[in-house]
1. At q = 0.13, 0.15, 0.22 Å⁻¹, what base-10 log of I(q)/I(0) does the Debye formula yield for the range 111-177 when every alpha carbon is treated as an equal point scatterer in vacuo?
2. On full extension of the chain, what length is gained from Ile270 through Ala201, given 0.36 nm per residue of separation minus the C-alpha to C-alpha distance?
3. Please list, by residue number, everything in the range 81-113 whose backbone N is under 12 Å from a paramagnetic label point 7 Å out along Cα→Cβ of Ala151.
4. If you take every residue apart from Arg121 with its C-beta less than 11 Å away from the C-beta of Arg121, what net charge results, scoring Lys and Arg +1 and Asp and Glu -1?
5. Calculate the dipole size of the range 3-304 relative to its Cα centre from +1 charges on Lys and Arg beta carbons and -1 charges on Asp and Glu beta carbons; express the result in debye to the nearest 20.
6. Which residue fluctuates most in the GNM of the chain (Cα springs below 10 Å): Asn139, Asn205, Asn31?
7. Can you check what the Kirkwood hydrodynamic radius comes to for the chain, Cα pairs only, in Å to one decimal?
8. For the range 56-186, I need the span (max minus min coordinate) of the C-alpha atoms along each principal axis, in Å, sorted largest to smallest.
Amino acid sequence: MTTAFISHRDCWQHDMGAHHPECPERLGAINDRLIAAGLDLYLAFHDAPLAAMDELLRVHPRAYIEMLEESAPAHGIHHVDPDTAMSPGTWTAALRAAGAGVLATDLVMRGEHPAAFCAVRPPGHHAERAKAMGFCFFNNIAVAARHGIEAWGLQRVAIVDFDVHHGNGTEEIFADDPHVLMVGSFQHPFYPYCGTENPAANMCNVPLRAGTRGDVFREVVSEVWLPRLRAFAPEIIYISAGFDAHYEDDMASLGLLEADYAWVTQQVKIVAAETARGRIVSMLEGGYSLSALARSVSAHIKALADL
């Protein structure tokens, strides 16, 4: 069976202004690389649906959702914090980004595809229950995971987050939730300056010093993440796939390469095959050096699809 690739042109319409690193060109770079590498021939393409209100309400309060909708400007840019802004296309793009994870979960759970990658923006893992921040509005991975739990009756859901920034929103939403295990690594000290102070028992947060390269990252995965994942025995694995820990990405100071992203994806696939019938849903988070992002996503998808 083919791996699903879920995206939508609406995700290009979210624009936080000239020179903002979280730009529409990120998706263009990914698409161009997939075509140049011939990977598009091996993927099943799906349009991301708009997330429904009841799907968002599993994670975010109604008042927060309505506030975001009302904040979307008819013209220009409206900042919700110094780094995070809405344009006229943001509201629909955010709904598509959250809806992509719901569709991906349904496709994988129905057995139509063994795995899915969601090439969507805005990203999500910094969004807390009632707070937009860090380029994020809805917590896409949390909406997807909650859908797996509530619509499909899953009892054990794992979230793997290898973005260079800690997924503070995902942690805030799922801390102490017995249905969820989150394993993640992130540069520290670094934005959002949390994740190390008394995390909940279901949060496996591993801070990495600036300058950390792939050898140390692989040790963390092998010695910390994989034992926790296997002990938890997830029924599905979600990936917050941020590629800003790449050596070429000047948003941060870690040193991962495409080979590291391919390797960690392969390791997650092994666990998924052991405990989750191979079911994986991966969602794009960070990654701001366009060339490095495109190459890394390509390596990630090749590993997901066994190509």
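Computed from the coordinates by the stated procedures, all read-outs in this text should not be read as laboratory data. The structure presented is a predicted model; accordingly, all values stated were derived computationally and were not measured. Using ideal geometry, Cβ is built from the backbone for each residue, glycine included, and neighbour counts are taken over all protein chains shown.
1. Each listed q maps to, in turn, -0.37, -0.50, -1.02.
2. 22.4 nm
3. 98-110
4. Here the charged neighbours net out to -3.
5. The dipole of the range 3-304 has a size of about 720 debye.
6. Asn31
7. Mean inverse Cα-Cα distance, inverted, gives 18.7 Å.
8. Projected onto the principal axes, the Cα atoms of the range 56-186 cover 42, 30, 27 Å.
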